[in-house]
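**Student:** For reference, the structure I am asking about is given below.
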Amino acid sequence: MTEAATQPQTHGELGPAMRALPNDRWREFVWHYVTNPGHGAGAKAYRACGLGQNSTPTKQAKEAYRLCQDDRIVAAISEVTRKVLRVAQPEAVKAAKEILRDPAHPAHGKLVVALLDRTDPIVTRHDMQVVHRIVDPDQEALEELKALRKLGTPCEKLLEIYGPNGLDRIEALEAAELAQRAAKAKVIDAVAVEVELLPTPQDEPDPEMLGDDL
């Protein structure tokens with residue numbers, strides 16, 4: 001192996017994941033693995049970085065697979081992949097422009113909508129109304145007691161739920177409520193008074209008007 005082959009290639013400023021790798025051969029492996037994907041990429045990257053030169057392709061593939069299970073290699077591959085994708089953005093823009101200029105392209109409509117959505121997104125507003133309900137604890141307990149009684153809950157179970165003092169208090173509230181309803185619903189008997197209507201007295205005739213009939 002020549003001296004030039006053993007020297008690490010310079011790929012610009014390395015990110016933290018690449019710098020964290022223990023040696024330059026591992027960095028070379030990551031670079032070749034990311035930039036030359038496809039079938040057998042692991043074995044090819046393994047050979048390209050100078051590892052396993054005297055090994056068989058099968059063994060090189062196994063060693064490359066084992067190397068790719070290292071968390072440091074995984075982090076470095078992800079880091080370099082993001083850089084490569086960002087560098088490829090101009091090519092993506094060029095391809096998008098070609099599709100936009102071709103109305104007959106199957107992806108033309110979807111691309112138009114996607115670009116508009118990203119450059120001038122539609123703002124959706126959601127109006128929410130929050131209703132605060134103040135609950136009277138006594139009234140809530142009273143309603144719960146009514147529901148339990150409708151379900152046929154025995155007295156022993158009610159005592160278990162509320163306790164003797166609690167049940168007495170709620171039953172007192174229940175009695176007060178029933179009394180209040182009874183008072184509102186009470187019909188007041190009206191006393192009928194019989195009034196005798198006296199005839200209206202007639203005016204006595206003027207004697208001068210009667211003449212000689214008197």
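**Student:** Of all helices (runs of 4 or more DSSP H) completely enclosed by the range 23-108, which ones contain at least 3 residues that are free of Cβ contacts under 8 Å to residues at least 12 places away in the same chain and either closer than 23 Å to Glu13 by Cα or acidic (Asp, Glu) (or both)?
**Tutor:** 71-87, 89-100
**Student:** Out of Tyr65, Tyr46, I need the residue that is of a type in the set (Phe, Trp, Tyr), surrounded by fewer than 17 Cβ atoms within 10 Å (Cβ to Cβ) and more than 17 Å from Ala17 (Cβ to Cβ). Which one?
**Tutor:** It is Tyr65.
**Student:** Is it the case that some residue within the range 101-111 is surrounded by 10 or more Cβ atoms within 10 Å (Cβ to Cβ), out of contact with any Gly (no Cβ under 7 Å at 6 or more places or on another chain) and of a type in the set (A, V, I, L, M, F, W, C)?
**Tutor:** Filtering the range 101-111 down to residues surrounded by 10 or more Cβ atoms within 10 Å (Cβ to Cβ) leaves 102, 105, 107-111.
After this cut, where a residue has to be out of contact with any Gly (no Cβ under 7 Å at 6 or more places or on another chain) as well, the list is 102, 105, 107-111.
Now restrict to residues that are of a type in the set (A, V, I, L, M, F, W, C): 107, 111.
Among the residues of the range 101-111, at least one is surrounded by 10 or more Cβ atoms within 10 Å (Cβ to Cβ), out of contact with any Gly (no Cβ under 7 Å at 6 or more places or on another chain) and of a type in the set (A, V, I, L, M, F, W, C), which makes the answer yes.
**Student:** Out of (1) outside any loop (DSSP other than H, G, I, E, B); (2) under 26 Å from Leu167 (Cβ atoms); (3) free of Cβ contacts under 8 Å to residues at least 24 places away in the same chain, what's the single condition that is false for Gly152?
**Tutor:** All conditions pass for Gly152, except number (1).
**Student:** Still on this model: Is the range 157-174 home to any residue that is exposed (fewer than 10 other Cβ atoms within 10 Å of the Cβ) and modelled with pLDDT of 80 or more? Before the answer, list the steps.
**Tutor:** As a first pass, look at the range 157-174 and keep what is exposed (fewer than 10 other Cβ atoms within 10 Å of the Cβ): 164-165.
Retained after the next criterion (residues that are modelled with pLDDT of 80 or more): 164-165.
There is at least one residue in the range 157-174 that is exposed (fewer than 10 other Cβ atoms within 10 Å of the Cβ) and modelled with pLDDT of 80 or more.
The values are calculated or read from the model by the stated rules, or taken from the named source; none is laboratory data. These numbers were taken from a predicted model, which means no experiment stands behind them. Counting neighbours? That spans all protein chains shown, and the Cβs are built from the backbone with ideal geometry, glycine included.
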